[in-house]
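Trainee: Have a look at this one.
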Amino acid sequence: MKNYQKVLSNAFVNKYAIPHFNINNLEWAKYILEVCEEEKSPVFLGVSLGAAKYMGGFHVIRKMVDGLIMDLNIKVPVILHLDHANSVEACKEAYDAGFDSIMIDASRYSIEDNIKMTNEVINYCKNALIEAETGKIGGSEDNFTNEIYYTTFEEATNFLNHCAIDMYAPALGSVHGIYKSKPNINIDLMNKISSSNHIPLVLHGGSGLDDNILKESIKNGICKINFNTELQISWNKGVRSFINNNKDIYDPRKIISSGELNMKNTIRKYIEVLGSKNKGE
Ligand code: 13P
């Protein structure tokens, strides 16, 4: 069995979702791990290619996360995850650096190429959890902007028949970033894909969705929900108000950590909504 397979199947069987929080730096990883440990929640630490570049590379991140787990005495399952990698090469590099979970996102290519690339990743990254996507999740990810294109049931079934992945992210109407209009998440399609294929589903673009949509999604097969924007917004609110009220302070530790409380509250709220509290014991 792969590392962390049990953590994922536990969510699938017991109908809760593991939160995926994107990280951008040491502080974000630290805040997320501290709250997850307090709440006893398993967690995916998501790293986009842009964030990996920003932090210096996959090895830096692996070692930084290992150091935090050790020094902060984190006992809950922490799954270091590559988010939306659009090349097989990047997936292999992250895996070689010790990532636990890999998302190959070849959704911009034809379904045949998507299947081919996904299988290359499955064959190489043998011990990692593998996530893949079809259709188009809207919004932007590292400057790649696209329109929403819902995965069809036939496409989903065809893809899953050809790729033995661990988690599947069909496009169900969600958007990365801020929703510009009322979200239209296709719960019926989610349910149909989940009940016919028995595979943990992933919901991207969790920020900005109502709690009841998140809960409904979990009832209908979603086992991992990704959050990034809402963490950025809450951190930013705290920092902006601190800077405005403390014009003389220039210590970066004080400035960066002025977003900590807000960000931690957001993390705690999502753990509650997703039902992952006390599931990481
Ligand atoms: P949000 O930025 O909308 O929360 O989406 C995050 C995400 O899906 C990362 O893969």
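Trainee: For residues that are more than 12 Å from the ligand (Cβ to nearest atom), among the β-branched types (Val, Ile, Thr) and in a loop (DSSP other than H, G, I, E, B), scanning just region 161-194, find the one that is modelled with the lowest pLDDT.
Mentor: Ile185
Trainee: Among Asn197, Asn212, which is the only one that is in contact (Cβ under 8 Å) with a residue 12 or more places away in the chain and away from the ligand (no atom under 16 Å from the Cβ)? Give the derivation first.
Mentor: On the way: Asn212 fails: in contact (Cβ under 8 Å) with a residue 12 or more places away in the chain.
Sole residue among the options that is in contact (Cβ under 8 Å) with a residue 12 or more places away in the chain and away from the ligand (no atom under 16 Å from the Cβ): Asn197.
Trainee: Something else about it: For region 208-218, indicate whether the set of residues that are over 18 Å from the mean Cα position of the chain (by Cα) and at pLDDT 95 or above is non-empty.
Mentor: Within region 208-218, one or more residues are over 18 Å from the mean Cα position of the chain (by Cα) and at pLDDT 95 or above.
Trainee: Can you report the number of residues in region 32-58 which are in contact with an Asp or Glu (Cβ under 8 Å, 6 or more places away or on another chain) and of a type in the set (Ser, Thr, Tyr)?
Mentor: Summing the residues that are in contact with an Asp or Glu (Cβ under 8 Å, 6 or more places away or on another chain) and of a type in the set (Ser, Thr, Tyr) in region 32-58 gives 1.
Trainee: Looking at (1) surrounded by fewer than 14 Cβ atoms within 10 Å (Cβ to Cβ); (2) in contact with a Ser or Thr (Cβ under 8 Å, 6 or more places away or on another chain); (3) within 30 Å of Asp113 (Cβ to Cβ), which is the only condition Asn278 fails?
Mentor: It is condition (3) that Asn278 fails.
Trainee: Taking Gly206, is it assigned to a loop (DSSP other than H, G, I, E, B), within 16 Å of the ligand (Cβ to nearest atom) and free of Cβ contacts under 8 Å to residues at least 60 places away in the same chain?
Mentor: So Gly206 fails the test.
Trainee: Quick check on region 247-269. Is at least one of its residues under 22 Å from Pro42 (Cα atoms) and without any contact (Cβ under 8 Å) to a residue 12 or more places away in the chain?
Mentor: Taking region 247-269 and keeping what is under 22 Å from Pro42 (Cα atoms), we get 260-269.
Of the ones still in play, those that are also without any contact (Cβ under 8 Å) to a residue 12 or more places away in the chain are 269.
Yes, region 247-269 contains at least one residue that is under 22 Å from Pro42 (Cα atoms) and without any contact (Cβ under 8 Å) to a residue 12 or more places away in the chain.
Trainee: From the set of residues in region 215-247 that are under 27 Å from Tyr168 (Cα atoms) and small (Gly, Ala, Ser), which is nearest to the ligand (Cβ to nearest atom)?
Mentor: Per the criteria, the residue is Ser217.
Trainee: Select from region 33-61 the residues that are of a type in the set (Gly, Ala, Ser) and within 14 Å of the ligand (Cβ to nearest atom) and write down the one among them that is farthest from Thr229 (Cα to Cα).
Mentor: It comes out as Ala52.
The values are calculated or read from the model by the stated rules, or taken from the named source; none is laboratory data. Here the structure is a predicted model, which is why all the values come from computation and not from measurement. Counting neighbours? That spans all protein chains shown, and the Cβs are built from the backbone with ideal geometry, glycine included.
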